[in-house]
Amino acid sequence: MNDTAAQAHATPLLDRHQALGARIIEFAGWLMPVQYAGIIEEHRAVRERAGLFDLSHMGELFVEGPEAGSALAAAVVSDPTALAVGRAQYSMICAPDGGVIDDLIIYRLGEQRYLVVANASNAAVVSDALAERLAGRKAVLDDQSLATALVAIQGPLADDILGPLTEVDLSGLRYYAIAQGSVAGHPALVARTGYTGEDGFELFVDVAAGGAIWDVLYEAGRGSGLLPVGLGARDTLRLEAGMPLYGNELDRSTNPLEAGLERVVRFDKAGDFVGRAALEKVAKDGPARRLVGLVIRGRGIARHGYPVHAGDRLTGVVTSGTQSPTLGTPIAMAYVAPGDAEPGTMLDVEVRDQRVPAEVVRLPFYRRPH
């Protein structure tokens, strides 16, 4: 084990992953399973049956107080005050220049209590930024990242597997909603959210209960074909669903409007928010580039960093790419010049010094059947 891995955090489920034969890597300061049976097999389990994920590396930041909502609204681009209790929204925290510090999910747990979930690689940065932006307001930040285990079950059978284990009425829990309850007798926040494009649930529990929650879900689902799923299939699943990954589609040099996420930025909310002026200018002038989906129409797989050409002109760069297990064809996301972003436009991706044709398509690549 190298020095970096030796210093990495272990989730409360690391021993389970090792017992299941997972290949473990260091990711965002954590030791995480990248695959168990194999990426394609795990991917298909989620699309067709169910998959079990350890997301305990994510950041969980609770914000509470009389001004919790308004303080968050000034800190992020969305409007958490517009949420009903028990609902969630996708959001971003931006720098003053409009660059994305992280993308988030914000849950409203009570009139004066919110849960902000940050990516593992940015959890500390987001915690520090929120602490700074909440200063002087009647709101308290409580970083519970290391005290919280997060286990997700995703796929068409997720409801059937989880249902008998919780008293939460899953049929009444809408997409992007959260409820307080228990799972297998352990107190839990049960959210109908995920990062796969499938129906599913994310379960926030005390770190001491993480192993028990994983075990009971694994045993309950094994007979139905549930598989544990690592980071590899998590990436192919989210890419098919057109969901951005921080460090690929989003970073400090990217703003939400370039990423096609204008809907997240609430210019109509009361008061100022960090990045407003810069983002209003982008909205007025138009973004300098656009995030698009590409379906590769030749031989080759587009990977992160590969150049994208429009004729003899360099138009952009691939941010994520893979061979889609569900669609059976290579897909990618890329930033390109606005004039090259119209669906149906034919571009070329440079794959190992070869130009491979690629067609611009609307995102997402995959939508689950309803």
Residue count, segment 316-340, condition out of contact with any Phe, Trp or Tyr (no Cβ under 7 Å at 6 or more places or on another chain) and closer than 21 Å to residue 256 by Cβ, comes to 10
Which of the numbered conditions does residue 322 fail, given that it passes all the others? Conditions: (1) modelled with pLDDT of 95 or more; (2) not in a strand (DSSP E or B).
(2)
Do we find that residue 332 is aliphatic (A, V, I, L, M), more than 30 Å from residue 198 (Cα to Cα) and at pLDDT 95 or above in this structure?
no
How do the pairs read when you match residues in segment 166-181 that are small (Gly, Ala, Ser) with residues anywhere that are in a loop (DSSP other than H, G, I, E, B) and surrounded by 16 or more Cβ atoms within 10 Å (Cβ to Cβ), using Cβ under 9 Å and keeping only pairs 6 or more apart or on different chains?
177/86; 177/192; 177/193; 179/86; 179/168; 179/173; 179/192; 181/168
Somewhere in segment 89-99, is a residue closer than 26 Å to residue 253 by Cβ, crowded, with 24+ Cβ neighbours inside 10 Å and among the hydroxyl-bearing types (Ser, Thr, Tyr)?
yes
Determine if segment 253-260 includes at least one residue that is of a type in the set (Ser, Thr, Tyr), modelled with pLDDT of 95 or more and either assigned to a helix (DSSP H, G or I) or open to solvent by 30 Å² or more (accessible area, probe 1.4 Å) (or both).
yes
Take the residues of segment 118-152 that are touching a helix residue (DSSP H, G or I) at 6+ places or on another chain (Cβ under 8 Å) and among the hydroxyl-bearing types (Ser, Thr, Tyr): which is nearest to residue 274 (Cα to Cα)?
127
What single numbered condition from (1) open to solvent by less than 20 Å² (accessible area, probe 1.4 Å); (2) part of a loop (DSSP other than H, G, I, E, B) fails to hold for residue 334?
(2)
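I'd like the residue in segment 197-215 that is part of a strand (DSSP E or B) and not β-branched (Val, Ile, Thr) and, out of all such residues, is farthest from residue 158 (Cα to Cα).
By that ranking, first place goes to 206.
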Out of curiosity, is residue 194 buried (at least 20 other Cβ atoms within 10 Å of the Cβ), assigned to a helix (DSSP H, G or I) and at pLDDT 95 or above?
no
Within segment 100-119, of all residues that are in contact (Cβ under 8 Å) with a residue 40 or more places away in the chain and in a loop (DSSP other than H, G, I, E, B), the one surrounded by the fewest Cβ atoms within 10 Å (Cβ to Cβ) is 112
Hey, can you tell me all the residues within segment 156-184 that are in a loop (DSSP other than H, G, I, E, B) and either modelled with pLDDT under 95 or within 22 Å of residue 45 (Cα to Cα) (or both)?
156, 157, 175
Given (1) touching a residue at least 12 places away in the same chain (Cβ under 8 Å); (2) at positive phi, identify the lone condition not met by residue 136.
(1)
Picked from segment 17-71 (must be free of Cβ contacts under 8 Å to residues at least 40 places away in the same chain and on the phi > 0 side of the Ramachandran plot), the residue surrounded by the fewest Cβ atoms within 10 Å (Cβ to Cβ) is 21
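Yes or no, residue by residue, for (1) out of contact with any Asp or Glu (no Cβ under 6 Å at 6 or more places or on another chain); (2) closer than 23 Å to residue 117 by Cβ:
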position: 8; (1), (2): no, yes
position: 16; (1), (2): yes, yes
position: 27; (1), (2): yes, yes
position: 44; (1), (2): yes, no
position: 48; (1), (2): yes, no
position: 54; (1), (2): yes, yes
position: 58; (1), (2): yes, yes
position: 70; (1), (2): yes, yes
Could you check, for segment 341-361, whether at least one of its residues is within 24 Å of the chain's Cα centre (by Cα), free of Cβ contacts under 8 Å to residues at least 40 places away in the same chain and open to solvent by 30 Å² or more (accessible area, probe 1.4 Å)?
no
Failed item, numbered, when residue 136 is tested on (1) exposed (fewer than 15 other Cβ atoms within 10 Å of the Cβ); (2) closer than 26 Å to residue 181 by Cβ
(2)
Based on this model, can you work out whether residue 78 counts as part of a loop (DSSP other than H, G, I, E, B) and open to solvent by less than 30 Å² (accessible area, probe 1.4 Å)?
yes
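The values are calculated or read from the model by the stated rules, or taken from the named source; none is laboratory data. Since we're looking at a predicted model, the values are computed, not measured. Every residue, glycine among them, receives a Cβ derived from its backbone with ideal geometry; neighbour counts consider all protein chains shown. SASA here: full protein model, heavy atoms, side chains in, ligands and nucleic acids out. Shrake-Rupley method; radii C 1.70, N 1.55, O 1.52, S 1.80 Å.
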